[in-house]
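Colleague: So that we are looking at the same thing, I have put the structure below in structure tokens.
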Amino acid sequence: MCGIAGLFLKNRSLEPELGAMTAAMLSVLTDRGPDSAGFAVYGAGGPERIKFSLRGPKHFDFEALAAQFEAVVERHDDHAVVSVPAAREIAFRDAIAVLPAITLVASGTRMALFKGVGLPDDVANRFGLAGMSGSHAIGHTRMATESAVTTAGAHPFSTGADQCLVHNGSLSNHNDIRRFLMREGMVFETQNDTEVAAGFLSWKLREGAALDEALGAALGTLDGFYTFVVGTESGFGVLRDPVACKPAVMAETDDYVAFGSEYRALADLPGISKARLFEPEPAKVYFWERQV
């Protein structure tokens, strides 16, 4: 099962509504993934600061940690987004690496990532998704099949700066690909097959591939059934395996591109009655980008 929602805004005037629209899409997909949920939002930012999405105990003093690095903190339940001056990035990474209570969820100049165990509505409300703004977002509702129901196992997975991936399906060769990528210097935090898919794309992007090229390379490397939705600093991509047995529907208007595992996740979007609706084709790369 599992449900995927994605929204890429072309019309910048809609950016204040991004979180509310994404939250509504995830809510509709609850019955596809009731055990955990997560989302990534691409908001304002630039190269002068790095956003660290962190998870820790609710009593942890993120403000005291941030003060050591001239950083700014936004708390969201047991997550915090700490915006650190780029010049202090390495020192901050070193500091959190020795804090056993803190988990680095993701980092980048624009992306903030949140995930947790529970119903999608509860997860979205805990983190305040409806009040978030930005240019694009992807989200996931999980029904665990190949690993335990944990926050670490929830999607999205992020294995590179401003990069994340959500997945419906299962990969049959993820252990082989994980070993190869580890030899290439990639680091994995879980045994989840989706993290391997994210890592493969991050590795291809690190090697110089564009997003569409990285997704195309996945077709010849990743074996199994999958629908991926991928986010980068400036882009949004979709890929289905050659069999395409996992459901997917998309809508495109002059204002946005939207993805849902089912049409009902898109039904309440503005202007949906005039949208171009289509099912993404098997083994075809779809991607959209805009200047940041």
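The values are calculated or read from the model by the stated rules, or taken from the named source; none is laboratory data. Bear in mind the structure is a predicted one, so any value in this text is a computation, not a measurement. Cβ: placed from backbone, ideal geometry, glycine included. Neighbour counts: every protein chain shown.
Colleague: Hey, residue 83 hits all of (1) of a type in the set (S, T, N, Q); (2) out of contact with any helix residue (DSSP H, G or I) (no Cβ under 7 Å at 6 or more places or on another chain); (3) in contact (Cβ under 8 Å) with a residue 40 or more places away in the chain but one; which does it fall short on?
Modeller: Tallying (1) of a type in the set (S, T, N, Q); (2) out of contact with any helix residue (DSSP H, G or I) (no Cβ under 7 Å at 6 or more places or on another chain); (3) in contact (Cβ under 8 Å) with a residue 40 or more places away in the chain, residue 83 fails exactly one: (3).
Colleague: Which of the residues spanning segment 237-288 are touching a Leu at 6+ places or on another chain (Cβ under 9 Å), surrounded by fewer than 16 Cβ atoms within 10 Å (Cβ to Cβ) and not in a loop (DSSP other than H, G, I, E, B)?
Modeller: Listed by number, the residues that qualify are 263, 264, 272, 277.
Colleague: Something else: Mind listing whichever residues of segment 227-255 are farther than 19 Å from residue 268 by Cα, over 13 Å from the mean Cα position of the chain (by Cα) and among the charged types (D, E, K, R)?
Modeller: 240, 241, 246
Colleague: Now, a different point. Can you tell me which residue in segment 253-292 is modelled with the highest pLDDT, limited to those that are within 22 Å of residue 20 (Cβ to Cβ), in contact with a Ser or Thr (Cβ under 8 Å, 6 or more places away or on another chain) and of a type in the set (D, E, K, R)?
Modeller: 274
Colleague: Here's a check for you: in segment 221-233, which residue that is touching a helix residue (DSSP H, G or I) at 6+ places or on another chain (Cβ under 9 Å) and hydroxyl-bearing (Ser, Thr, Tyr) is surrounded by the fewest Cβ atoms within 10 Å (Cβ to Cβ)?
Modeller: Result: 221.
Colleague: Scan (1) in the same structural domain as residue 11 (by TED's automatic domain parsing); (2) over 14 Å from the mean Cα position of the chain (by Cα); (3) closer than 23 Å to residue 234 by Cα for the single condition residue 82 breaks and write down its number.
Modeller: (1)
Colleague: Turning to a different aspect of this structure: Considering 53, 27, which residue is under 21 Å from residue 157 (Cα atoms), within 18 Å of the chain's Cα centre (by Cα), not β-branched (Val, Ile, Thr) and not assigned by TED's automatic domain parsing to the domain that holds residue 141?
Modeller: 53
Colleague: Are any residues in segment 149-185 in contact with a helix residue (DSSP H, G or I) (Cβ under 8 Å, 6 or more places away or on another chain), more than 18 Å from residue 231 (Cβ to Cβ) and not in a helix (DSSP H, G or I), and if so, which ones?
Modeller: 170, 171, 184
Colleague: Tell me the residue from 132, 143 that is among the hydrophobic types (A, V, I, L, M, F, W, C) and at pLDDT 95 or above, please.
Modeller: 132
Colleague: Next question. Within segment 2-112, considering only helices (runs of 4 or more DSSP H) that don't extend past its boundaries, which have at least 1 residues that are charged (D, E, K, R)?
Modeller: Of the helices (runs of 4 or more DSSP H) lying wholly inside segment 2-112, those with at least 1 residues that are charged (D, E, K, R) span 62-67, 89-97.
Colleague: Write out, first by first residue and then by second, each pair whose Cβ atoms fall under 7 Å of each other, whose residues are 6+ apart or on separate chains, and whose first residue, in segment 136-150, is within 17 Å of residue 170 (Cα to Cα) and surrounded by fewer than 24 Cβ atoms within 10 Å (Cβ to Cβ) while the second is of a type in the set (Val, Ile, Thr) and modelled with pLDDT of 95 or more.
Modeller: 149/117
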